[in-house]
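A short reminder: the numbers here are calculations on the coordinates, not readings from a lab. Quick caveat, the model's predicted, so the values are computed rather than measured. Note that each Cβ is placed from the backbone with ideal geometry, even for glycine, and that neighbours are counted across all protein chains shown.
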């Protein structure tokens, strides 16, 4: 569904951004991903990673705008199920959360444990959305009577 072109230095920019991000240099990773998007504006992987990098850096406005571009490209390419799953994920990601000042302490959790638990919740929703897309794609295969490979 989401393809990655490796020609013209795109692969190098994406790999470099991953290395920079893992090293904690979010600013440089975002710059590399911005260059990747400029180099290959139709590459879905570059858009998705740039949106995620903005979100991880706390720049919700740019992350939201990049997710919207990414989702629009999925729709243009005729991938409505993937677009719907990404839209649901983005809506959850950007929904303001109520303040939870002392809720973790009341539950006996440290701040780090609370953040980890929240991340697990986001991962579960992302996995569920992915599975929904896979099931929808499988339903199309079964309905067509085509062979399963």
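By count of other Cβ within 10 Å, fewest leading, how are 89, 54 ordered? Least crowded to most crowded, the residues run 89, 54.
For the pair residue 15 and residue 113, the difference between a 0.36 nm per residue extended length and the Cα-Cα distance amounts to 32.3 nm.
Taking a ≥ b ≥ c as the square roots of the Cα gyration tensor eigenvalues, with a/c under 1.5 meaning rounded and otherwise prolate when a/b beats b/c, else oblate, which class fits the range 1-79? Oblate.
Taking the number of Cβ atoms within 10 Å of each Cβ as an exposure proxy, the fewest-first ranking of 43, 81, 59 is 59, 81, 43. Ranked for footprinting exposure by Cβ neighbours inside 10 Å, fewest first, 87, 22, 47 give 22, 87, 47.
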